[in-house]
């Protein structure tokens, strides 16, 4: 029998157990997906789906860029139909408060405003007397100021010089007067996805070329300060939910909490997942554009916007 006192043996045992303890996962155990929900294919037979944005009624408009069209998903009927064709080779889209669909019209590297009656107004034609590289994704803050990314992806339908038009691949801010256009982030490799918080105070930008996503403080004049690494993952499109979780895309949909910790990975069939938003009447359907198809997933949370 050991001569070690019982109290000492007990203390030693606790020390050994503490050293052997397995660290708990750093991400939240609370999934944003509704219990029992399954991914549903809403429509297919597209060429490449992108740029989803929900209107006031929860209907989602998305682009099929190779076929130069904007498609509307009817939330009440769960059906899809062409809404605008041709559509300027639109990519990313976002609704403003007046109900206009703002689009990154990649055909001529412009930014468009498409009214409900489908009247088109060109908001941006270029910067500094030069064409843009190719507006890709955008977000509108509460006061109407607009941020968009301008990476370079050479398109077969361009009639222009396919080389880089600007000094680099940057993030731009267009004031609510639609006159003041400036570069606000010029140190990124290839900015792509972009989304901001509903209070207009924080902006997330995915640098897909560097495989990182950053967050910034938004200033009233549109400038960005306090650049911080949010996570070590880039993204194509992005969205936010009502709990502040950030949704990135590429290999399905990867969800991070507001602290940058991964909490969910939604696997999506069909190859590349390009973009994501919240739609449906109650804004609790995660609408996913993934190559030739679009998918829906019932969520426990709602969209932030």
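Some notes on this structure:
- The separation of the stretch 129-145 from the stretch 58-112, counted between C-alpha centres, amounts to 15 Å.
- Here the residues 229, 152, 286, 203, ranked from fewest to most Cβ neighbours within 10 Å of their Cβ, fall in the order 229, 152, 203, 286.
- Ranking of 158, 112 by neighbouring Cβ atoms within 10 Å, starting from the fewest: 158, 112.
- MRE, 222 nm, helices only [DSSP H, n ≥ 4, -39500 (n - 2.57), over the chain, to nearest 500]: -1500 deg cm²/dmol
- The C-alpha atoms of the chain define a longest principal axis, and helix 6-20 lies at about 20 degrees to it.
- Max mean-square fluctuation residue, GNM over the chain, Cα-Cα springs under 10 Å, options 283, 141, 228: 228
- Ordering of 69-82, 237-250 by packing is 237-250, 69-82, highest average first (other Cβ atoms within 10 Å, averaged per residue).
- Ranking of 212, 292, 125 by count of other Cβ atoms within 10 Å, fewest first: 125, 292, 212
- Read-out Cα Rg over 2.2 N^0.38 Å, derived from the coordinates shown; its label in [x] 1.15; [y] 1.02; [z] 0.95: [x]
- For the chain, a Gaussian network of Cα nodes joined below 10 Å ranks 120, 102, 194 by mean-square fluctuation, and the top entry is 120.
- Max mean-square fluctuation residue, GNM over the chain, Cα-Cα springs under 10 Å, options 93, 277, 44: 44
- Here the extension length gained between residue 119 and residue 261 equals 46.9 nm, from 0.36 nm per residue of separation less the Cα-Cα distance.
- FRET efficiency for the residue 199 to residue 177 pair, using the beta carbon distance and R₀ = 25 Å, is estimated at 0.70.
Taken together, the values in this text are just the output of simple stated rules run on the coordinates, not laboratory data. All values derive from a computational prediction rather than experimental measurement. Ideal geometry is used to build each Cβ from the backbone, glycine not excepted, and the neighbour counts take in all protein chains shown.
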